[in-house]
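Engineer: Input: one structure, supplied below.
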Amino acid sequence: TAGQSNIIIVAHTSSAAYNSFALIKQITITETPPQPSFTLSPASFSTSWGSSTSQAFTVTNVHNSPGVTSYSWDLGSSNNGWIYNGSPAPQTIVTSTNTLTLTSAICTNTLGNITATVTANNVNYNTNPSTCSVNFPSYSISGPSLICNSSTYSIPNLPSNMSAAWSVPSSVGPVLQFSPNPPVGQQITITNQNYYQIQTNLTAAINITGCSNTISTAPL
């Protein structure tokens, strides 16, 4: 139809020598809104062991459905590795806004996955999960493989908030002197008190300052 006309003319032309017309005076359009749908982003999150990383999780109202009243966030368990408003996060957090900001705890080895339940017009709708994980770095020991007299060992690129507890097999422990002693720190010096060549395995259990959990280096 052209201009502001309030009628639509539908014409049908056949192969015959005449035309037929239909006049439509009124059209009723009934719109059925899509079912409410909500998505959670990011779909995945990862952080490095020993770091504290903040992340905002956001629920998107895909079809702008009306009547949303609350968001219930599930963090997997009460021991989820997340910090919320400066304290360990509970399993469930309820907000009136569509964004939740969490911080990974420095001492955690695992993080709980995040899901959200949106209440709209007294009906609950679940989002997709956000899969969360902790990546563990790989560290190696730098130093000579043989101890003749005195040798120094360290762990390259070890962050300042981490230290190492050094150890050797008990069978050779009595003839080796550690400095510092007890053998804890980012660097250690080992002295062979018997003055003959010793070859052994040296390992380091790395821990975060103030935390009880550890990861180990490959033995040297």
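Engineer: Among the residues of region 99-113, which ones are open to solvent by 60 Å² or more (accessible area, probe 1.4 Å) and either modelled with pLDDT of 95 or more or within 17 Å of residue 130 (Cα to Cα) (or both)?
Structural biologist: 101, 110, 113
Engineer: Can you tell me how many residues in region 149-162 are aliphatic (A, V, I, L, M) and outside any strand (DSSP E or B)?
Structural biologist: 2
Engineer: Let me ask another. Tell me which residues, restricted to region 32-70, are free of Cβ contacts under 8 Å to residues at least 40 places away in the same chain and of a type in the set (Ser, Thr, Tyr).
Structural biologist: Listed by number, the residues that qualify are 32, 60.
Engineer: So, in region 96-148, how many residues would count as being among the hydrophobic types (A, V, I, L, M, F, W, C), part of a loop (DSSP other than H, G, I, E, B) and touching a residue at least 60 places away in the same chain (Cβ under 8 Å)?
Structural biologist: The number of residues fulfilling the criteria is 5.
Engineer: Shifting gears a bit: Looking at region 46-57 only, could you name the residues that are assigned to a strand (DSSP E or B), surrounded by fewer than 18 Cβ atoms within 10 Å (Cβ to Cβ) and modelled with pLDDT of 95 or more?
Structural biologist: 46, 54, 56
Engineer: Considering every residue within region 61-70, establish whether at least one is open to solvent by less than 60 Å² (accessible area, probe 1.4 Å), within 30 Å of residue 158 (Cβ to Cβ) and not charged (D, E, K, R).
Structural biologist: Looking for residues that are open to solvent by less than 60 Å² (accessible area, probe 1.4 Å), within 30 Å of residue 158 (Cβ to Cβ) and not charged (D, E, K, R), one finds none in region 61-70, hence no.
Engineer: Would a scan of region 132-145 turn up a residue that is under 30 Å from residue 67 (Cβ atoms) and either within 22 Å of the chain's Cα centre (by Cα) or surrounded by 18 or more Cβ atoms within 10 Å (Cβ to Cβ) (or both)?
Structural biologist: Yes; the residues of region 132-145 include at least one that is under 30 Å from residue 67 (Cβ atoms) and either within 22 Å of the chain's Cα centre (by Cα) or surrounded by 18 or more Cβ atoms within 10 Å (Cβ to Cβ) (or both).
Engineer: Six or more apart or on different chains, Cβ atoms under 8 Å: show the pairs whose first residue is in region 151-164 and touching a residue at least 60 places away in the same chain (Cβ under 8 Å) and whose second is part of a strand (DSSP E or B) and small (Gly, Ala, Ser).
Structural biologist: As it stands, the answer is 153/142; 155/142; 155/164; 155/204, since those pairs meet every condition given.
Engineer: So, in region 35-45, how many residues would count as being open to solvent by 70 Å² or more (accessible area, probe 1.4 Å) and either farther than 12 Å from residue 63 by Cα or under 20 Å from the mean Cα position of the chain (by Cα) (or both)?
Structural biologist: 1
Engineer: Residue check, residue 32 against (1) within 30 Å of residue 158 (Cβ to Cβ); (2) over 16 Å from the mean Cα position of the chain (by Cα); (3) modelled with pLDDT under 95, all met but one. Which one?
Structural biologist: It is condition (1) that residue 32 fails.
The values are calculated or read from the model by the stated rules, or taken from the named source; none is laboratory data. From a predicted model like this one, the values you see are computed outputs, not experimental measurements. Neighbour counts run over all protein chains shown; Cβ positions are idealised from the backbone, glycine included. In case anyone asks, the SASA skips ligands and DNA or RNA and just uses the protein heavy atoms, side chains included. Shrake-Rupley method; radii C 1.70, N 1.55, O 1.52, S 1.80 Å.
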